[in-house]
Amino acid sequence: MRIQKKLIILRKALLHIVLVAGGLLMIFPFVWMIFASFKPSLEVISVEFRLLPETWTLANYKQVFDELPMARSYLNSLIVSSSITLIVLYLSAAAGYLFSKLYFRGRDLLFFLVLGSLMFPPQISVIALYFFVSKISLGNTYMGLILPFSMSAFGIFLMRQFIRGIPSSLMDAAKIDGATDFQIYRRIILPLTRSTFAVLGILTFIWSWDEFLWPLIIINQNEMKTLPVLLGHFTQA
């Protein structure tokens, strides 16, 4: 028994060593990138490897903020991503409740159409969407960046599947007590979907923050460009 316990402890120790080594290996490029940002250009491209800078400098950061409105692009990305996330959460939760717990004619067909939109890549609709947004004069505006992403078929599907698993007996009990559909949604459904809300919110914020193609097409003023588009200028240099 003692030998078996020692083997188990040894296996766990080896497993932890491997995991720690793998974690350090994965974060090393990020650490090197941070230290490299404080190095002069010649020191970064030097053949001799050094993790810490020989000469610490903030010239790289100064150059970035002098050449381009980096602070404004951060603000633009934050406004756009936060707005998209809030709208998607609101609409996805409401649509998920509608498609899972409320019955009306054509519900399944409408949900099938929403779900079917996931089969088509978003690049297909970019040209038509660009002409539509330009026609209603939303180019170079926050609304032009936010509205096309305000509805998420994935978000509706995720919320619908989760809400569908909530027992209908809770809703029936609330209806017996005189609760309306909106009260059931606000007081029962929403509190039970907090975990799914968090997952959808994080994914939506990351996706909208990383969006590059649509802001590149609809925005042509540096003051309105989001961070991924503005960073594209450095890859062209």
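Summary of values
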item	result
Some residue of the range 205-228 being outside any loop (DSSP other than H, G, I, E, B), of a type outside the set (Phe, Trp, Tyr) and either more than 27 Å from residue 145 (Cα to Cα) or free of Cβ contacts under 8 Å to residues at least 12 places away in the same chain (or both)	yes
Residue check, residue 168 over 26 Å from the mean Cα position of the chain (by Cα), farther than 29 Å from residue 104 by Cβ and of a type in the set (S, T, N, Q)	no
Residue under evaluation residue 137, criteria (1) over 24 Å from residue 97 (Cα atoms); (2) hydroxyl-bearing (Ser, Thr, Tyr); (3) part of a helix (DSSP H, G or I), criterion not met	(3)
Cross-chain or 6+ apart pairs with Cβ under 9 Å, the range 76-89 first and in the same structural domain as residue 207 (by TED's automatic domain parsing) and under 16 Å from residue 159 (Cα atoms), then of a type in the set (A, V, I, L, M) and in a helix (DSSP H, G or I)	85/200; 85/202; 87/146; 87/147; 88/200; 89/159; 89/200
Residue ranges of helices (runs of 4 or more DSSP H) in the range 1-112 with at least 2 members among the aliphatic types (A, V, I, L, M), surrounded by 14 or more Cβ atoms within 10 Å (Cβ to Cβ) and at pLDDT 90 or above	70-101
Qualifying residue in the range 203-213 (condition: more than 14 Å from the chain's Cα centre (by Cα) and surrounded by 12 or more Cβ atoms within 10 Å (Cβ to Cβ))	yes
Qualifying positions in the range 169-191 - crowded, with 16+ Cβ neighbours inside 10 Å and of a type outside the set (Gly, Ala, Ser)	171, 184, 185, 188, 189
In the range 191-231, the residues that are among the aromatic types (Phe, Trp, Tyr) and in contact with a Ser or Thr (Cβ under 6 Å, 6 or more places away or on another chain)	205, 209
Verdict on residue 107 being closer than 29 Å to residue 184 by Cα and out of contact with any Ser or Thr (no Cβ under 9 Å at 6 or more places or on another chain)	yes
Some residue of the range 31-45 being among the β-branched types (Val, Ile, Thr), over 25 Å from the mean Cα position of the chain (by Cα) and over 24 Å from residue 199 (Cβ atoms)	yes
Selection status of residue 163, in a helix (DSSP H, G or I), touching a Phe, Trp or Tyr at 6+ places or on another chain (Cβ under 6 Å), in the same structural domain as residue 96 (by TED's automatic domain parsing) and not basic (Lys, Arg)	yes
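The values are calculated or read from the model by the stated rules, or taken from the named source; none is laboratory data. Keep in mind that this is a model prediction, so the values were computed, not measured. Positions of Cβ are backbone-derived with ideal geometry, glycine not excepted, and every protein chain shown enters the neighbour counts.
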